[in-house]
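A short worksheet on the structure shown next.
A short reminder: the numbers here are calculations on the coordinates, not readings from a lab. Owing to the predicted nature of the structure, the values given are computational and were not obtained by experimental measurement. Heads up, the Cβs are rebuilt from the backbone with ideal geometry, glycines too, and the neighbour counts pull from every protein chain shown.
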Amino acid sequence: MIKINLAQTAKKKRAPKRKAAKAARPGIKLPSIQSTVLYIIGVVIVVIIIGVTLLIQLNQKNGLNKDITHLNGRLEELKVYKATVDSLEKRERELDALIRPIKELNRNRFFIAHVLDEVAARIPEFTWLKSLNISSSDMQVKGVTASNLLVADFMNRLEESDYIHNVDLTVLEKKAVKNQEMMEFTLTASVGYQESIARQK
């Protein structure tokens, strides 16, 4: 036998569809207030240190510039004194060049005078000098005499002097003087006070 149920059948409730889970967005985590304050304080401290360092360097630079300006002014002042000193040194060199020959002459004048006295005291008879040139180290004598023997005698007398040595005859020739035959001669010799003292010893 067939049964038919005419009553409405309860509809099966459909299960609600699940919505797809949305992907979680990356969240931005803000730093805490304490961290922010510390960060700001650190930045402020760094800025203050840099500022103080810059001020110190600026003061040092200004001080160095002042020193440079002062030294440049002092250098300009000293240039005047340097020019004066250079002028005085130049004048001193010029005076020294003028005085040096006088000093040399003054140093040798007594020695040369003594050599002249030695030569004059040793001239033989009938012998006349025409010229006598003396320096600090040598001597040249020109003269005329009556004979060769007198020339040799004169040379020996000069060698006896403590101030005259190495006497040498360089010229000897006959010459007529007022119809009289005479001998003209030229002698050279070394002169030196120190050498004469060494020879005496």
Net length gained if the chain between GLU104 and TRP128 were fully extended (0.36 nm per residue, minus Cα distance):
5.6 nm
Once amide hydrogens are built 1.01 Å from N within the peptide plane, the residues lying 5 or more places from MET182 or on another chain with amide H under 5 Å from its amide H are LYS175, ALA176, VAL177
By average Cβ neighbour count within 10 Å, what is the ranking of 109-122, 172-185, 153-166 from highest down?
153-166, 109-122, 172-185
Let me know the charge dipole size of region 56-164 about its Cα centre in debye, to the nearest 20, where only the beta-carbon of Lys, Arg (+1) and Asp, Glu (-1) is charged.
760
Sorted from largest down, what three extents in whole angstroms do the Cα atoms of region 122-200 have along their principal axes?
46, 20, 16
Separation of the ASP168 and ASN156 label points, Cα + 7 Å toward Cβ, nm
2.2
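Quick one: if the Förster radius is 35 Å, what FRET efficiency do ILE40 and GLN60 give, using the C-beta to C-beta distance and rounding to 0.05?
Plugging the Cβ-Cβ distance into 1/(1 + (r/R0)^6) gives 0.70.
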Inter-probe distance in nm under a simple model that places probes 7 Å from Cα toward Cβ, at ILE50 and LEU71:
3.2
Stokes-Einstein, Kirkwood over Cα pairs, region 41-94, 37 °C, 0.692 mPa s; D in µm²/s equals 222
Length released on extending from LEU116 to ARG93, taking residue separation times 0.36 nm less the Cα-Cα span:
4.9 nm
Farthest toward positive dipole pole in region 122-200 [+1 Lys/Arg, -1 Asp/Glu at C-beta], among SER161, VAL177, PRO124
VAL177
